[in-house]
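Trainee: Here it is: the structure, laid out below.
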Amino acid sequence: MIPTEVAETLPELAPFARAVQARRPDDGTWCEAWTVRDVLIHQAGNAEELARVLEAFLAGAPVETRGFDREAPYHRLSDADLWSAFLRNCAHLTDIAAAAARDLSPDTEITWTGRTVTAPFFAEHMREELILHRWDLTGDDRTAVRALDEPWMTEHSVVSVGRPLLARGRADLHLAADERLEARLRTPGADDIVLTADADTADIRLAVPEGPATIESDAATRLLLLWGRRPADPSRWHSAAGPETLRRVRTLLGGY
């Protein structure tokens, strides 16, 4: 049973939990080389780290965000203990997010993975993680598509997460000093997502639609592409950009 306050703060927790419990820990997922257990380990680490960084800031002793080596202790847990730790970490994050909402201005800047975010980011980012990684378990079911389609998911990914989404992909492109990639991901009725990359930097922003789209799709598909994923049905996206451009865009959107 998920406590009411946790369910209200993280409404995507219950659908994620049901998806995990409907599968074996060693079942495969859409997340490359990860099983259901690996996804759960990652989520336990996410909830712990989001709470740890926000709690330290509230205590007046800010800490740096740790890398994914923070997940190591969870690999040593039994399946039952891992599940308990995950739920416990989500509950703790809920408590810390409530304290931050009470004690901090919503625009207070807090350092997270080398950039500044605001206090509401922490619970919202866990919500996004729950949606994305539920899709890794279920694929394109109705619950996943509806959640991915939410406008706040796109805004959070572009504005709140932003450039870190492109860092690994930009490095993998190996662009020459005089090369530059620009792409527009378009969903009808919404702002374009504009991606740019050169040998030194990469950027992501929302912009009014202009000129031809590199890839056009529904909002849920665009969100999946942005996070290095793709829908099971490839006819949900369309492009006239050509194979070379599409390969470069897919490389740039290689995920964290």
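The values are calculated or read from the model by the stated rules, or taken from the named source; none is laboratory data. Small disclaimer: the values here were computed from a predicted structure and weren't measured. Because the Cβ atoms are built from the backbone with ideal geometry, glycine has one as well, and the counts that use them run over all protein chains shown.
Trainee: Which numbered condition trips up L181, out of (1) of a type in the set (A, V, I, L, M); (2) touching a Phe, Trp or Tyr at 6+ places or on another chain (Cβ under 7 Å); (3) touching a residue at least 60 places away in the same chain (Cβ under 8 Å)?
Mentor: (2)
Trainee: Here is a further query. Given (1) within 18 Å of the chain's Cα centre (by Cα); (2) touching a residue at least 40 places away in the same chain (Cβ under 8 Å); (3) within 23 Å of L137 (Cβ to Cβ), identify the lone condition not met by D38.
Mentor: Here D38 clears every test but (2).
Trainee: Can you tell me which residue in segment 1-25 is farthest from E124 (Cα to Cα), limited to those that are outside any loop (DSSP other than H, G, I, E, B) and free of Cβ contacts under 8 Å to residues at least 12 places away in the same chain?
Mentor: Selected residue: Q21.
Trainee: Kindly provide the set of residues from segment 60-73 that are under 18 Å from P25 (Cβ atoms) and either surrounded by fewer than 16 Cβ atoms within 10 Å (Cβ to Cβ) or not assigned by TED's automatic domain parsing to the domain that holds E124 (or both), ordered by number.
Mentor: A72, P73 - these are the residues of segment 60-73 that are under 18 Å from P25 (Cβ atoms) and either surrounded by fewer than 16 Cβ atoms within 10 Å (Cβ to Cβ) or not assigned by TED's automatic domain parsing to the domain that holds E124 (or both).
Trainee: May I pose another question? Inside segment 147-180, can you point out the residues that are in contact with a Gly (Cβ under 7 Å, 6 or more places away or on another chain) and surrounded by 21 or more Cβ atoms within 10 Å (Cβ to Cβ)?
Mentor: Passing the criteria: only G169.
Trainee: Just checking, does segment 118-130 include any residue being small (G, A, S) and assigned to a helix (DSSP H, G or I)?
Mentor: Checked against the condition, which is being small (G, A, S) and assigned to a helix (DSSP H, G or I), segment 118-130 yields at least one hit.
Trainee: Okay, next question. For T111, only one of the following conditions fails: (1) touching a residue at least 60 places away in the same chain (Cβ under 8 Å); (2) in a strand (DSSP E or B). What is its number?
Mentor: (1)
Trainee: Continuing with the same structure: Taking segment 204-248 on its own, how many of its residues are under 18 Å from E150 (Cβ atoms) and of a type in the set (D, E)?
Mentor: The qualifying residues number 1.
Trainee: If the requirement is being crowded, with 20+ Cβ neighbours inside 10 Å, in contact with a strand residue (DSSP E or B) (Cβ under 9 Å, 6 or more places away or on another chain) and among the hydrophobic types (A, V, I, L, M, F, W, C), which of these qualifies: A144, A207, A183?
Mentor: Sole residue among the options that is crowded, with 20+ Cβ neighbours inside 10 Å, in contact with a strand residue (DSSP E or B) (Cβ under 9 Å, 6 or more places away or on another chain) and among the hydrophobic types (A, V, I, L, M, F, W, C): A183.
Trainee: Something else: Just the residues that are on the phi < 0 side of the Ramachandran plot, part of a loop (DSSP other than H, G, I, E, B) and surrounded by fewer than 16 Cβ atoms within 10 Å (Cβ to Cβ), please, taken from segment 26-59.
Mentor: Residues satisfying the conditions are D26, D27, E32, A59.
Trainee: I'm checking my understanding of the structure. Among residues of segment 110-141 that are over 14 Å from the mean Cα position of the chain (by Cα) and among the aliphatic types (A, V, I, L, M), which one is surrounded by the fewest Cβ atoms within 10 Å (Cβ to Cβ)?
Mentor: I110
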